[in-house]
1. Would you mind finding the one in Asp168, Asp207 that is of a type outside the set (Gly, Ala, Ser), without any contact (Cβ under 8 Å) to a residue 24 or more places away in the chain and away from the ligand (no atom under 13 Å from the Cβ)?
2. Kindly indicate which of Leu250, Leu231, Leu197 is in contact (Cβ under 8 Å) with a residue 12 or more places away in the chain, open to solvent by 20 Å² or more (accessible area, probe 1.4 Å), out of contact with any His (no Cβ under 6 Å at 6 or more places or on another chain) and among the hydrophobic types (A, V, I, L, M, F, W, C).
3. Quick check on the range 80-107: of everything there that is more than 17 Å from Thr135 (Cβ to Cβ) and either polar (S, T, N, Q) or under 18 Å from the mean Cα position of the chain (by Cα) (or both), which residue is farthest from the ligand (Cβ to nearest atom)?
Amino acid sequence: MAIDAPLEGKNPFELRVDLSKHVAESVVKKALETGDMGFIHSFTTGSAVDGPGVRVVAWTAGCQFRCLYCHNPDTWNMMNGMAVPLDRAIGALSKYRRGLQIMSGGFTLSGGEPLMQDRFAVRLLTAAKQMGIHTALDTNGYLGERLSDAELEQVDLVLLDIKAWDRDRHLHLTGKEIGPTLDFARRLGKRKRRIWLRYVLVPGLTDEDSDIKQIAAFAADLGSVERVDVLPFHQMGRHKWQKLGIKYTLDEVQPPTNALVERTCEQFRAVGLKAY
Ligand code: SF4
């Protein structure tokens, strides 16, 4: 896709592949070093679920996790995203500035994992903040150490995904260790950065009572978790796994019952957190 193709109105549930396969490796390397260009899977407006108020969301391509329940596996590969110059992304965002302010909303950088492109992420979030737009970063936290303390100040809110507590379960579920995510969470807490915790609830995979209790206790201790969103597993991403030819192991898994969602929320509420 050409870098001047429209950004707006794209749906993250659409399958995207190879949009940047024409981009030379040296250009990708420079983009990652400088943040002059980013790789974006989609750019949506009007979201009410990715932070406070109405949000513009840029979904970046590239993720180092391989979550078994991922509903956007086409975001795993950075080259599946559109190559978008930073100034173009800032220009697109600036059009929504006034509307976002009126609707008490803001800009959310999501993915994939935005910190795979940490320089682009920092520069885009900084530009948003300079325009007076509220900023949120939706991250699995694994690469949080790439952000300096000063850069963290450019993020008004971190939407932090904790996938599991038990080390082996986390490894099985995501392919990566839980430690770096927890370290990042502790750092956010210590620096009093606002956190909305996100927890994807999958029956038989992430509904273990003791795991949730320990995540809840950990989250409460951080001191800056404002709310917890328990996100019920769904099958909306299955078609992407099939189209990409990746083995999907959750075919038989049903969404959690309302009772299970409520039990999980109660476990977070039991330690004094707001959970929805
Ligand atoms: S962290 Fe998010 S984008 Fe990455 S594999 Fe997991 S669910 Fe998918």
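The values are calculated or read from the model by the stated rules, or taken from the named source; none is laboratory data. Values in this document were obtained by computation on a predicted structure and should not be read as measured data. When we count neighbours, we look across all protein chains shown, and the Cβ atoms used for this are built from the backbone with ideal geometry, even at glycine. Protein only, heavy atoms only, side chains kept; ligands, DNA and RNA dropped before computing areas. Shrake-Rupley method; radii C 1.70, N 1.55, O 1.52, S 1.80 Å.
1. From the options Asp168, Asp207, the qualifying one is Asp168.
2. After ruling out the rest, the residue left standing is Leu231.
3. My answer is Met82.
One line per residue, one yes/no per condition, for (1) touching a residue at least 40 places away in the same chain (Cβ under 8 Å); (2) assigned to a helix (DSSP H, G or I); (3) open to solvent by 50 Å² or more (accessible area, probe 1.4 Å):
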{"position": "Leu124", "(1), (2), (3)": "yes, yes, no"}
{"position": "Ala128", "(1), (2), (3)": "no, yes, no"}
{"position": "Ala136", "(1), (2), (3)": "yes, no, no"}
{"position": "Leu159", "(1), (2), (3)": "yes, no, no"}
{"position": "Lys163", "(1), (2), (3)": "yes, no, no"}
{"position": "Leu173", "(1), (2), (3)": "yes, yes, no"}
{"position": "Phe184", "(1), (2), (3)": "yes, yes, no"}
{"position": "Arg187", "(1), (2), (3)": "yes, yes, yes"}
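Here's the yes/no breakdown for (1) out of contact with any Pro (no Cβ under 9 Å at 6 or more places or on another chain); (2) at pLDDT 95 or above:
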position: Gly141; (1), (2): no, yes
position: Gly144; (1), (2): no, yes
position: Leu147; (1), (2): yes, yes
position: Lys163; (1), (2): yes, yes
position: Gly179; (1), (2): yes, yes
position: Leu188; (1), (2): yes, yes
position: Ala217; (1), (2): yes, yes
position: Gly223; (1), (2): yes, yes
position: Met236; (1), (2): yes, no
